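*Asks:* Submitted below is the structure of interest, expressed as structure tokens.
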Amino acid sequence: MTAPQVNAHEGLPDDRDNVRLWLRLLTCTRIIEKSVKRGFADEYNSTLPRFDVMAALERRPEGMTMGQLSKALLVSNGNVTGVVQVLVRDRYVSLTPSPTDGRSSVARLTRLGRDHFAVLAEAHRNWVETMLAGLGREDRSQLYQSLGVLKDLLADNGETE
């Protein structure tokens, strides 16, 4: 006897649940990310990587080296350097020599950068809230809790952010 065929969108369990769950998470992430990217491009002539760098620097007002930024954002030093150079050109970020390592520079948000990031962060929050508005409070809470459990399981298996 063979197992019944199941439509992936019906949400019915079968022996491929884990792959289907991962694909569903990936699809949701890509849809949200695509919408946010489009918003940054259309409304602010900016990019998600620039937003990500500025967000990391907002959390660390003392600044970060390119190595710290690349580690925090899980991207290569080259990717971070290119994004930071654009932000320096636009006067949103300043670079100063590292006091502890003459080969490194420390990136910090400028006042203009902090002001611009505040505008981007508000837009980002509004876009995400609009996209998730149809999800009820209880569903949102349950999903958040379940994803927290998954995150902890992945961390226990050696996967890190």
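Each value in this text was obtained by applying a stated rule to the coordinates, not by laboratory testing. Quick caveat, the model's predicted, so the values are computed rather than measured. Cβ: placed from backbone, ideal geometry, glycine included. Neighbour counts: every protein chain shown.
*Asks:* Of the residues 110, 100, 65, which exhibits the maximal mean-square fluctuation in a Gaussian network model of the chain defined by a 10 Å Cα contact cut-off?
*Replies:* 100
*Asks:* In the range 28-127, with Lys and Arg counted as +1 and Asp and Glu as -1 at Cβ, which of these residues, 121, 56, 44, has the Cα nearest the positive end of the dipole, that is, farthest along it?
*Replies:* After comparing all options, I get 56.
*Asks:* What does the helix-only formula give at 222 nm for the chain: each DSSP H stretch with n ≥ 4 adding -39500 (n - 2.57), the total divided by the residues, and the result rounded to the nearest 500 deg cm²/dmol?
*Replies:* After summing the helix terms and dividing by the residues of the chain, the value is -21500 deg cm²/dmol.
*Asks:* Show me 73-80, 49-56, 27-34 ranked by packing, highest mean number of other Cβ atoms within 10 Å first.
*Replies:* Per-residue Cβ counts within 10 Å, averaged per peptide and sorted highest first, yield 49-56, 73-80, 27-34.
*Asks:* Would you work out the relative contact order for the chain, in percent, from Cα pairs under 8 angstrom that are 6 or more residues apart?
*Replies:* Once divided by the residue count of the chain, the mean separation gives 18 percent.
*Asks:* Sticking with this structure for a sec: Restrict the search to the range 42-135; then list the GluC sites (Glu not before Pro) that DSSP places in a loop and that have at most 11 other Cβ atoms within 10 Å of their Cβ.
*Replies:* Here the sparse-neighbourhood loop sites are 62.
*Asks:* Just flag the trypsin sites (Lys or Arg not before Pro) in the range 53-150 sitting in loop per DSSP whose Cβ has no more than 14 other Cβ atoms within 10 Å.
*Replies:* The qualifying sites are 91, 103.
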